[in-house]
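Accompanying notes for the structure given below.
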Amino acid sequence: MKQRLLFLGPPGVGKGTQAQQLAARRKLLHLSTGDLLRSEVAAGSDLGREAEAVMARGELVSDALVLAIVRNRLENHAAGWLLDGFPRNTAQAAALGELLEELQQQIELVVLMELDDDLLLQRLLSRGRTDDNETVIRHRLEVYQAQTAPLIAHYRNLGLLESVEASGTVEQIAERIEALVG
Ligand code: AP5
């Protein structure tokens with residue numbers, strides 16, 4: 001069974017939904033940078049105040065801030081983990097590579113979830129989080145294409161990437177992912 005995983009894919013594709021369930025089934029640490037940033041915003045911390053406006057615009061929060069959060073969690077958790085929403089650009093991927101080398105840990109599988117933009121938009125509009133209005137969603141999709149999608153080739157070249165069609169029910173998609181995790 002693979003137990004050091006990354007979930008990659010556009011906003012609304014279902015990374016959080018699948019990651020949370022898989023982590024619970026396999027007893028892995030689920031590390032969602034989006035959830036962690038939203039907790040900081042809710043707590044009104046300095047970090048949260050810095051992140052709030054950036055998130056509301058659909059831009060990426062600074063690499064330094066996100067990396068500090070991830071380092072802290074991974075240093076204290078050598079067993080299995082599942083990263084969701086991180087890394088988000090090539091600088092974060094390089095920093096993660098260095099951190100994992102330092103911790104003598106390795107990514108075992110990158111799951112790329114794929115879905116048409118129209119369906120992504122529908123899913124996000126029906127959820128209605130504060131950054132789920134049409135203008136911001138479209139901007140998040142542009143940021144994904146420009147900054148995150150280059151990671152697909154990066155992890156494919158490392159021989160770690162597997163794609164999953166993210167249409168259908170939550171259960172159907174979970175079965176596809178389970179087959180990859182082994
Ligand atoms: P983040 O929280 O990571 O949001 P995202 O990538 O935009 O992804 P979403 O949470 O919107 O979608 P998801 O793929 O997890 O789908 P979900 O399961 O929720 O990031 C938010 C912001 O934080 C960023 O814009 C940025 O500012 C900042 N940030 C986060 N990480 C960062 C980083 N590393 N660096 C810099 N900044 C960072 O599902 C979506 C909806 O669809 C839900 O309502 C769900 O119930 C529904 N759904 C799921 N599966 C199905 C299905 N099969 N059928 C029908 N509906 C479904």
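The values are calculated or read from the model by the stated rules, or taken from the named source; none is laboratory data. Treat the numbers as computed from the prediction; the structure is a model and nothing was measured. Ideal geometry is used to build each Cβ from the backbone, glycine not excepted, and the neighbour counts take in all protein chains shown. Side chains are part of the model used for accessible areas, which takes the heavy atoms of the whole protein and leaves out ligands, DNA and RNA. Shrake-Rupley method; radii C 1.70, N 1.55, O 1.52, S 1.80 Å.
Tabulated data for the structure shown
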{"quantity": "Reduced Cα scattering model of region 115-158, Debye log10 I(q)/I(0), q = 0.26, 0.34 Å⁻¹", "calculated": "-0.89, -1.14"}
{"quantity": "Rounded accessible area of Ser167 (nearest 10 Å², 1.4 Å probe)", "calculated": "40"}
{"quantity": "Accessible area per residue in Å² at 1.4 Å probe, computed on region 4-181", "calculated": "50"}
{"quantity": "Most to least accessible of Lys15, Lys2, Lys27 (protein chains only, probe 1.4 Å)", "calculated": "Lys27, Lys2, Lys15"}
{"quantity": "Computed helical MRE - 222 nm, the chain, DSSP H runs ≥ 4 contributing -39500 (n - 2.57), nearest 500", "calculated": "-17000 deg cm²/dmol"}
{"quantity": "In Å², nearest 10: area of Asp63 left accessible to a 1.4 Å probe", "calculated": "50"}
{"quantity": "Heavy-atom SASA rank of Met113, Met1 (probe 1.4 Å, accessible area, largest first)", "calculated": "Met1, Met113"}
{"quantity": "Approximate spin-label separation His139-Asp35, in nm, with each point projected 7 Å along Cα-to-Cβ", "calculated": "2.6"}
{"quantity": "Largest-first principal axis extents, alpha carbons of region 23-77, Å", "calculated": "35, 21, 20"}
{"quantity": "From the C-alpha gyration tensor of the chain, square roots of 5λ in Å", "calculated": "23, 21, 16"}
{"quantity": "Rounded accessible area of Glu102 (nearest 10 Å², 1.4 Å probe)", "calculated": "110"}
{"quantity": "Share of carbon and sulfur in the accessible heavy-atom surface of the chain [1.4 Å probe, %]", "calculated": "48"}
